[in-house]
Amino acid sequence: MDILRFATAGSVDDGKSTLIGRLLFDSKSIFTDQLEAVEATSAQRGDEYTDLALLTDGLRAEREQGITIDVAYRYFSTPKRKFIIADTPGHIQYTRNMVTGASTADLAIILVDARKGLQEQSRRHATLVSLLRVPHIVLAINKMDLVDWSEDVYREISEEFVDFAARLEFTDVTTIPLSALTGDNVVSRSANMDWFEGPSLLHHLENVYIASDRNLVDVRFPVQYVIRPQNGQGDYRAFAGQVISGVLRPGDDVIVLPSGLPSRVKAIDTAKGELAEAFSPMSVTVRLEDEVDVSRGDMIVRPNNQPTVTQDLDAMICWMDSEPMRVGAKYAIKHTTRSARALIKEIKYELDVNTLHRHRSPSDLPLNAIGRVTLRTTQPLMVDPYQRNRQAGSFILIDEATNRTVGAGTITEH
Amino acid sequence: MTTDTSETRRYGLSQLDHLEAEAIYIIRELVAENERPALLFSGGKDSVVMLNLAVRAFAPGPIPFPVVHIDTGHNFDEVLAFRDRVVEQLGVRLIVGSVQEAIDEGFVREEPNGSRNRIQTPVLIRTAEQHGLSALFGGARRDEEKARAKERVFSFRDDFGQWDPKNQRPELWSLYNGRIHPGESIRCFPLSNWTELDIWQYIAREDIELPDIYYAREREVFLRDGMYFTINQHCRPGDDDEVFVESVRYRTVGDATLTAAVPSTATTPAEVVDEVAATRITERGATRGDDKVSEAAMEDRKKEGYF
Ligand SMILES: Nc1nc2c(ncn2[C@@H]2O[C@H](COP(=O)(O)OP(=O)(O)OP(=O)(O)O)[C@@H](O)[C@H]2O)c(=O)[nH]1
Ligand SMILES: [Mg+2]
C-alpha cells in the first residue's frame, strides 16, 4: 500500500476543516469515542449540526474562535491507500502554518466558497501551492448547497481559477463541486449535481497517480551522520543518510561534493544487512572504497550527473516572520543536511498575490510576502532547481538571534 | 510523467518502509544537531519501536545517547523488568527520574485522585535539567489525540519546558530547525506519522519483543467505569467490586493505577494487528481514565511540558 500526503488550502471559513471531518466521517475513519466527544462539544455549543471541523480543530483557542490556527495531521486508509492529511489554516496570520502543511504534500485541495469565488487568500494559497510545486491540485468548489447546486456558479469559478492559474505552474488540476456540510461529492457522487460527471473527491484521492512524481534519475545522497563505532568494530566507517533522489548501487563510481574527491560505493548497509540498491526515500548507510574525507553536509553523487556547487543562490522566498527580510541582512541557512550563513544580496521583486504582478526592487520582504531573491552563502551548497528536485532545491532561513524559522526558499533554474 | 513504468513500480516502497525511513532520518538529524539528546523509554510499545529504530539508525555503532525513564512509581512489574532487560542488552545508559523521590523531597505533591500523570511533568523537566539534556525523543504519535495532532516533529520548548501551540516554528519539507538557546530544548517525535496500526504491523513484521501485558492472557479483573482493571500491587478492587477472570490485554501502558485493559483474544502480534484494524475506539479512549478529565486535558498538560 502506498501513501498519499495531501493538504487543504484556501481562504478562512471556506470549509477546509469541515471537509476533512466529512471525509473522515463518511469514509468511516472516525473512532466512536472521538465522534462522541465532538458531538458533545457541538451540542453544548448549540450547533445546529455536529460541527465536523472539531475533528481537526483540536486546540482550545481554535474552538473558541472557530478557526484553524495550526496544521492538524490526520491519518486514514482505505483498501487502496494510506492517507496523511494536513488540514491547514486559511487565516492570513497563520500562512506560515499553511506552508508547513503544503510543503510535503503530493496533492493540495484548494477550497473556494461557491458564494464568494476566489478571495485574496485563495490566490495567495494557490500561488504558494504552485511555488511549492505540489504536483497535484484539486480545486474544490465548496458550499454548493448554498448556491442551489448551480452548474453556472461552478463554471464561473472554474474559469476564474483557470484564468488566474494560467500564470502559475500547475500541471494537474481536477475541479470538483461539493458540499462539505452535506457530503455531496465528498465520498460518493452527488445526486444533487447530476450535471457533474467527474469523480467524488475520495475516488480521486484514491486513484491519482503519484509514483512517477519521484526523481529516480539524479543520485543525491546528503551525508547526515558519520558512523564510526569505536568499540572493536575494526575500521568501520560509513556515511548515514537518506537517498533524496536517484538509485545508488554498490560498485557505482561516485564523487563527494563539495571536495570533488572520487571514490566508489563499496556497500550499502542497513541494520538488516546489505542492499543491492538504494533509492528515495530510503535511509541507509553507505561505505566507500577509499579513505576519503567525508562529513555531515557533504553530498555523494555520480560523476556524470552533478548538482550545481555554488555560493550564489537565486530563489523564490516566502517570508514567514513579522520582522521583514531586508537586503543586506544575514541569516542561518539550512539546505539538505548542510548549514551555513546567507547574506541577502538583492530582492529582485515581490509578487502581488492578487494580480501576480512583480513589484521591482523592494527594500524588504514583509510577513507573508513572496519574492525573488539572490543570496550569497558562506559555504558552497550542492543545489538543483526545485522544479527538478524538491529536496536538493529547497532551504530554510533561520534568524540567528531568535532561532525562529523565518523564510522558506525554492531554488530557481540558474 | 504519468505512465506506470516497471521502473516506478520497482522502486515503490510500502507505507511501513516509508515510515521507517522517515523515522530513522529524524533520529539521525536530531543527534547530528543537538549536543545532548536522550530518548524517553517507558517500556510501552511506541517507545520500544522508537528505541528499535534508534538501534537501526546507528548500526553497527552503539546508540549515541542515554535513555530516560520517568518512573511514576505506578508501574506494571512486567514492564519494569522488560525495561531493565532491554537496557542491559543494548548496553545503553539508563537515567531514572523518580516521581516517588520527588514527592518524598516535597518537590511535587501527590494529587488528590492519586494520579501521577500531571506531577510527572516537573519531574521530567528537572531530570532533563539535572543531566544537562537539551533534547528528548518521545514516542508520541499525532493520531493519538487532538492536541498531539498539532505537534511538530521538532517541537521547540522554552526554558520552562513549555509548548506554545499558537506560536510553533514553521516546519517545511524535511528541514528541521533544532536551534536553541541555553536552557531551551527540543522534543523530537520520530513516530509522528505512525498510527497505532502501523506500530503493530511493524512490530509484527520486525518481530519486536514487547512486555507480556500487550498480549491477551486470562487475568483477574474487575470493572470500574465500564473498563477492565487487572489486579496488581497498584490497583486493588474495592469491597463491592466483583472480581472475575477474563482474557484481556493492554493497548497502552501508562500509570498502572489508571490504565485499563481491553477484552481480547490476541496472543500474537499478527492477531493484535487484526484486532487493531477492526477496533472502533481509540487507544486512549479505551484505556485512559486520565484523559477524560477535560476536553483539553492533553493540551494543558503539554503546555506545562508533558509529552
Ligand atoms: N452550508 C455550508 N456550510 C459549510 C460548508 N462547509 C463548511 N461550512 C461552514 O463554514 C464554516 C467554516 O468552516 P470551517 O471548516 O471551519 O472552515 P475552514 O476553511 O476550515 O476555516 P479556517 O481553517 O479557519 O481557515 C462553518 O460554519 C461550516 O459549518 C458547506 O459545504 N456548506
Ligand atoms: Mg479549518
* Could you work out the helix-only [θ] at 222 nm for chain B, with each DSSP H run of four or more residues adding -39,500 (n - 2.57) and the total divided by the number of residues, to the nearest 500 deg cm²/dmol? -> -10000 deg cm²/dmol
* Structure fact -> Mean projected area (nm²) from the convex hull of Cα positions in the range B:210-292 is 5.4 nm²
* To do: For every helix of n ≥ 4 consecutive DSSP H residues, a contribution of -39,500 (n - 2.57) applies; sum these over chain A, divide by its total residues, and give [θ] at 222 nm rounded to the nearest 500 deg cm²/dmol.
  => -5000 deg cm²/dmol
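Could you pull out the pairs from A:Lys330/B:Lys303; A:Lys82/A:Lys334; A:Lys334/B:Lys146; A:Lys80/B:Lys150; B:Lys166/B:Lys302; A:Lys28/B:Lys146 whose alpha carbons sit more than 24 Å apart here?
From A:Lys330/B:Lys303; A:Lys82/A:Lys334; A:Lys334/B:Lys146; A:Lys80/B:Lys150; B:Lys166/B:Lys302; A:Lys28/B:Lys146, over 24 Å: A:Lys330/B:Lys303; A:Lys82/A:Lys334; A:Lys334/B:Lys146; A:Lys80/B:Lys150.
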* To do: Considering the options A:Gly21, A:Tyr49, A:Leu4, tell which one lies farthest towards the positive end of the dipole of the range A:1-95, charges being +1 on Lys and Arg and -1 on Asp and Glu at the Cβ, about the Cα centre.
  => A:Leu4
* **Fluctuation leader among B:Leu19, B:Leu39, B:Leu223 - chain B, Gaussian network, Cα springs under 10 angstrom** => B:Leu223
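Where in chain B are the helices, taken as whole DSSP H runs, whose Cα atoms extend 18 angstrom or more along the long axis and whose Kyte-Doolittle mean reaches at least -0.5?
B:15-33, B:45-58, B:77-90
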* With all pairs of different alpha carbon atoms counted, what Kirkwood hydrodynamic radius in Å does chain A show? -> 23.2 Å
* Asked: Along the positive direction of the dipole of the range B:210-292 (beta-carbon charges: Lys, Arg +1; Asp, Glu -1; about the Cα centre), which of B:His234, B:Val273, B:Ala286 reaches farthest?
  -> B:Val273
* To do: Put one equal scatterer on each alpha carbon of chain B, apply the Debye formula with no solvent term, and list log10 I(q)/I(0) at q = 0.07, 0.14 1/Å to two decimals.
  => -0.28, -1.14
* Asked: So how much accessible area does B:Ser185 have, in Å² to the nearest 10, using a 1.4 Å probe?
  -> 20 Å²
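Work out which trypsin sites (Lys or Arg not before Pro) in chain B are exposed loop sites (DSSP not H, G, I, E or B, at most 16 other Cβ within 10 Å) and give the longest gap free of them.
Formally, the longest exposed-site-free interval is B:167-279.
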* If we restrict to alpha carbons, what Rg and Dmax does the range A:308-411 come to, in Å? -> 12.7, 37
* Cα centre as origin, Lys/Arg/Asp/Glu Cβ charges: the range A:308-411 dipole, Debye -> 260 debye
* Along each principal axis, Cα extent of the range A:2-212, largest first, Å -> 46, 36, 35
* Peptide A:404-411 - average C-beta neighbours from other chains (10 Å radius) -> 4
* **Loop-resident sites, the range A:1-77, for trypsin sites (Lys or Arg not before Pro), counting at most 13 other Cβ within 10 Å (DSSP)** => A:Lys28
* Given charges at beta-carbon only (K, R positive; D, E negative), |dipole| of the range B:210-292 in Debye -> 260 debye
* Which whole-Hz ³J(HN,Hα) couplings does the range A:361-377 yield from phi under the Karplus relation 6.51 cos²θ - 1.76 cosθ + 1.60, θ = phi - 60°, glycine and proline marked x? -> 6, x, 7, 8, 10, x, 3, 6, 7, 10, x, 9, 9, 10, 10, 10, 9
* Asked: Counting partner chain Cβ atoms within 10 Å of every residue's Cβ in B:159-172, what's the average?
  -> 6
* Using alpha-carbon positions, what is the distance between the centroids of the range A:119-151 and the range B:12-30, in Å? -> 31 Å
* To do: Sort out for me the Cα centre separation of the range A:387-410 from the range A:242-277, rounded to whole Å.
  => 26 Å
* To do: Name the residue farthest towards the positive end of the dipole of the protein assembly as shown from the options A:Val301, B:Met298, B:Leu136, assuming +1 on Cβ of Lys and Arg, -1 on Cβ of Asp and Glu, about the Cα centre.
  => A:Val301
* Debye intensity ratio I(q)/I(0), log10, the protein assembly as shown, q values 0.12 Å⁻¹ (C-alpha model) -> -1.48
* **Nearest-20 debye value, the range A:88-194 charge dipole, Cβ charges on Lys, Arg, Asp, Glu** => 520 debye
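Please report the antiparallel percentage of DSSP beta bridges with both residues in the protein assembly as shown, rounded to the nearest 5. Could the numbers behind the result be given before it?
Values: 94 of 131 bridges.
Roughly 70 percent of the DSSP beta bridges within the protein assembly as shown come out antiparallel.
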* Structure fact -> Mean per-residue count of partner chain Cβ within 10 Å for B:18-30 equals 5
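The values are calculated or read from the model by the stated rules, or taken from the named source; none is laboratory data. Quick caveat: nothing in here was measured; it's all calculated off a predicted structure. Using ideal geometry, Cβ is built from the backbone for each residue, glycine included, and neighbour counts are taken over all protein chains shown. Note: accessible area is taken over every heavy atom of the protein model, side chains too, but ligands, DNA and RNA are not part of it. Shrake-Rupley method; radii C 1.70, N 1.55, O 1.52, S 1.80 Å.
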